[in-house]
Amino acid sequence: MQAFGIDIGGSGIKGAPVDVASGRLLAERKKILTPHPSTPEAVADVVREVARSFGWKGATGITFPGVVSGGTIRTAANVDKSWIGTDAARLFGTAIGGDVTVLNDADAAGIAEMMFGAGKGERGTVLMLTFGTGIGSALFTGGLLVPNTEFGHLEIRGKDAESRASERGKTEHEWGWKEWAQRVSEYIQHVEALLSPDLIIVGGGISKEAEKWVPLLEGVHARIVPATLHNEAGIVGAAVAATGMATTRTTHAGAEASVAAAGAAVGGE
Ligand code: BGC
């Protein structure tokens with residue numbers, strides 16, 4: 001079964017058709033820079049262009065870097081504030097002509113990692129953290145997603161956590177690996193004190209260089225593993241969400257059984 005996934009990020013909007021049984025992209029992804037200002041109309045135009053470049057007609061999942069509830073955007077930390085209150089499912093559905101599922105970007109990445117990547121077969125409490133323009137979070141327990149957790153906005157030393165430990169912060173302030181790893185350690189220690197996850201999957205583009213910073217993390221009890229799908233996780237998770245398939249069974253019978261269980265909502269039975 002195939003579906004189309006589109007990942008809306010702070011810097012780029014990427015999309016590709018996905019084989020949802022294997023989690024593999026069926027073609028090289030298309031990436032277009034995120035427009036500035038990133039208003040709903042401007043982003044919808046790019047989403048249309050990405051889908052059109054593959055001639056796609058069919059189930060489509062789209063990620064958004066903010067809280068998404070029932071297709072409507074509730075927060076917009078790193079994109080234009082006019083998104084708040086926008087019915088994104090309807091906007092994108094009109095733009096590309098068809099049914100669209102919209103979900104938080106980190107939730108999508110987490111779904112992909114739980115089904116096909118670093119979290120495959122994991123029971124217990126799993127926390128996916130994505131380090132990019134912001135910090136995204138996706139929380140799973142028993143394979144079930146608790147959507148829109150937004151742990152990137154916890155307060156650390158009186159500041160929004162993502163301003164202290166995101167990849168953007170590292171680039172903008174030119175923090176070296178050691179300094180940035182200390183900030184990430186402090187952040188993870190804080191999250192761990194609240195949630196005690198068994199496994200933490202660290203993702204985002206910077207997970208490609210995991211060997212440079214994951215070994216430097218300190219004071220964390222959970223197992224920490226880098227994401228394996230890297231920049232493709234959002235696209236893959238969005239496509240899976242578009243098919244309405246659950247991640248729940250990944251912990252019990254493997255991804256294949258999960259994918260075969262069509263009809264279940266993401267995060268539900
Ligand atoms: C947003 C989250 C998003 C994360 C990663 C945060 O600023 O509030 O919704 O998942 O950035 O893009």
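The values are calculated or read from the model by the stated rules, or taken from the named source; none is laboratory data. Model, not experiment: these values are computed from the prediction. Counting neighbours? That spans all protein chains shown, and the Cβs are built from the backbone with ideal geometry, glycine included.
General observations
- Checked against (1) among the β-branched types (Val, Ile, Thr); (2) touching a residue at least 24 places away in the same chain (Cβ under 8 Å); (3) surrounded by fewer than 24 Cβ atoms within 10 Å (Cβ to Cβ), THR141 passes all but a single condition, namely (2).
- Qualifying residues in the range 123-140 (those that are assigned to a strand (DSSP E or B) and under 14 Å from GLY205 (Cβ atoms)) - the one nearest to the ligand (Cβ to nearest atom): GLY136
- Matching residues, the range 1-30, being within 16 Å of the ligand (Cβ to nearest atom) and part of a strand (DSSP E or B): GLY5, ILE6, ASP7, ILE8, GLY12, ILE13, LYS14
- Restricted to the range 107-121, and to residues there that are more than 13 Å from the ligand (Cβ to nearest atom) and within 13 Å of ILE200 (Cα to Cα), the residue that is surrounded by the fewest Cβ atoms within 10 Å (Cβ to Cβ) is LYS120.
- Residues in the range 57-79 that are in a loop (DSSP other than H, G, I, E, B) and either within 13 Å of the ligand (Cβ to nearest atom) or not assigned by TED's automatic domain parsing to the domain that holds SER11 (or both): PRO65, GLY66, VAL67, ARG74, THR75, ALA76, ALA77, ASN78, VAL79.
- Unique match (being closer than 23 Å to LEU139 by Cβ, among the small types (Gly, Ala, Ser), surrounded by fewer than 15 Cβ atoms within 10 Å (Cβ to Cβ) and at pLDDT 95 or above) among SER53, SER69: SER69
- Cβ-Cβ under 7 Å pairs, at least 6 apart or on other chains, the range 115-137 side without any contact (Cβ under 8 Å) to a residue 60 or more places away in the chain, far side more than 7 Å from the ligand (Cβ to nearest atom) and not in a loop (DSSP other than H, G, I, E, B): ILE135/LEU129; ILE135/ALA161; ILE135/ALA165; SER137/LEU127; SER137/MET128; SER137/LEU129; SER137/PHE151
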